[in-house]
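K.L.:
There's a structure below that I have some questions on.
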Amino acid sequence: MLSKNDIKTIKSLQHKKFRSQSGLFVAEGHKLVGDLYGHFHCSLLAAVGSWLQDHPHFKADRIECISRDELEKTSLLTTPQDVIALFSIPEYEFSLADTARKGLVLALDAIQDPGNLGTIVRIADWFGIGDIICSRDTADIYAPKAVQATMGAMGRVRLHYVNLADELSRLNGSVPVYGTLLDGDDMYSCNIGTNGIIVMGNEGNGISQEIRSLVSRRLFIPNWPKGAPTSESLNVAVATAIICAEFRRRS
């Protein structure tokens, strides 16, 4: 059974302030909780009796059997599922230079939509990119909507919130920094490597001027046929998938 204070705590984790204070985030649903279990420390597992009976191997600091009524009062979803878990927000050690010399790293410059962010994490997971660096004004991956949108991929992809300009500046040209820009070179006809950093920009404004100045390799995703009237731009998650697919095709 969950107390009123428990329910209040879970509800409060919709807000970044309380996630930061508690060091916890919420995940809901059998698949998501199952995918994240083992990657993050589980502080609280609250589920209906039938779910707990079917999953006796799940462990947590605290396990509570709750009724359907409690589930509906507690859930942050429109359609509540059988299980809610609170996981600890991790702290990762990370060297951008070392990681980018060995493979690909995604860099996100002020991505605002949590759905886009979660989808980009799934794309990184699909293409074997294990680390994403995010500007501090990028959406919070531990927000409930972003967590749900990752569909468990955040258990395998590490996100690091940094001063993006400072991190890229410290590289001093030691690794290539790719950026998707309208004045870039056709990505299908230029040389690209198997390592470096791929910068993706804000949904409305693209890559900021400050970060743009640190991009060493400008890439453009051409439309088809070339020069034909078309949409103004691609969704940032779609663009990320296209560019990651091309990098992996060349590797």
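K.L.:
Restricting to helices (runs of 4 or more DSSP H) lying wholly in the range 92-168: which have 1 or more residues that are more than 19 Å from residue 237 (Cβ to Cβ) and at pLDDT 95 or above? Steps first, please.
P.N.:
Values: elements: 96-102, 114-126, 144-150.
Where helices (runs of 4 or more DSSP H) fall fully within the range 92-168 and carry at least 1 residues being more than 19 Å from residue 237 (Cβ to Cβ) and at pLDDT 95 or above, they are 96-102.
K.L.:
Kindly indicate the residue of the range 198-223 that is touching a strand residue (DSSP E or B) at 6+ places or on another chain (Cβ under 6 Å), part of a loop (DSSP other than H, G, I, E, B) and open to solvent by less than 40 Å² (accessible area, probe 1.4 Å) and also farthest from residue 165 (Cα to Cα) among those meeting that condition.
P.N.:
Looking at residues that are touching a strand residue (DSSP E or B) at 6+ places or on another chain (Cβ under 6 Å), part of a loop (DSSP other than H, G, I, E, B) and open to solvent by less than 40 Å² (accessible area, probe 1.4 Å), I get 222.
K.L.:
A follow-up question, please. If residue 11 satisfies every condition in (1) assigned to a loop (DSSP other than H, G, I, E, B); (2) in contact (Cβ under 8 Å) with a residue 40 or more places away in the chain but one, which is the exception?
P.N.:
It fails just one condition, (1).
K.L.:
If you take the residues of the range 224-243 that are part of a loop (DSSP other than H, G, I, E, B) and aliphatic (A, V, I, L, M), which of them is most open to solvent (accessible area, probe 1.4 Å)?
P.N.:
Of all residues in the range 224-243, those part of a loop (DSSP other than H, G, I, E, B) come to 224-235.
Subsequent filtering for residues that are aliphatic (A, V, I, L, M) retains 228, 234.
Numbers: 228: 31, 234: 91 Å².
It comes out as 234.
K.L.:
Let me ask something else about it. Consider residue 246 against the criteria (1) in a helix (DSSP H, G or I); (2) open to solvent by less than 20 Å² (accessible area, probe 1.4 Å); (3) touching a residue at least 60 places away in the same chain (Cβ under 8 Å): it satisfies all of them except one. Which criterion is unmet?
P.N.:
(3)
K.L.:
Which members of the range 173-197 meet the condition of being within 19 Å of residue 110 (Cα to Cα) and either assigned to a loop (DSSP other than H, G, I, E, B) or open to solvent by less than 60 Å² (accessible area, probe 1.4 Å) (or both)? Full working, then the answer.
P.N.:
First, pick out the residues of the range 173-197 that are within 19 Å of residue 110 (Cα to Cα): 177-182, 197.
Passing the criteria: 177, 178, 179, 180, 181, 197.
K.L.:
Have a look at 170, 136, 122 and point out the one that is in contact with a Leu (Cβ under 9 Å, 6 or more places away or on another chain), open to solvent by 10 Å² or more (accessible area, probe 1.4 Å) and without any contact (Cβ under 8 Å) to a residue 40 or more places away in the chain. Before you say what the answer is, go through the steps one by one.
P.N.:
Values: 170 fails: without any contact (Cβ under 8 Å) to a residue 40 or more places away in the chain; 122 fails: in contact with a Leu (Cβ under 9 Å, 6 or more places away or on another chain).
Only one candidate qualifies: 136.
The values are calculated or read from the model by the stated rules, or taken from the named source; none is laboratory data. Nothing here was measured: the structure is a model prediction, and the numbers come from that model. Cβ atoms come from the backbone with ideal geometry, glycine included; neighbour counts cover every protein chain shown. Just so you know, the surface numbers come from the protein's heavy atoms only, side chains and all, with ligands and any DNA or RNA stripped out. Shrake-Rupley method; radii C 1.70, N 1.55, O 1.52, S 1.80 Å.
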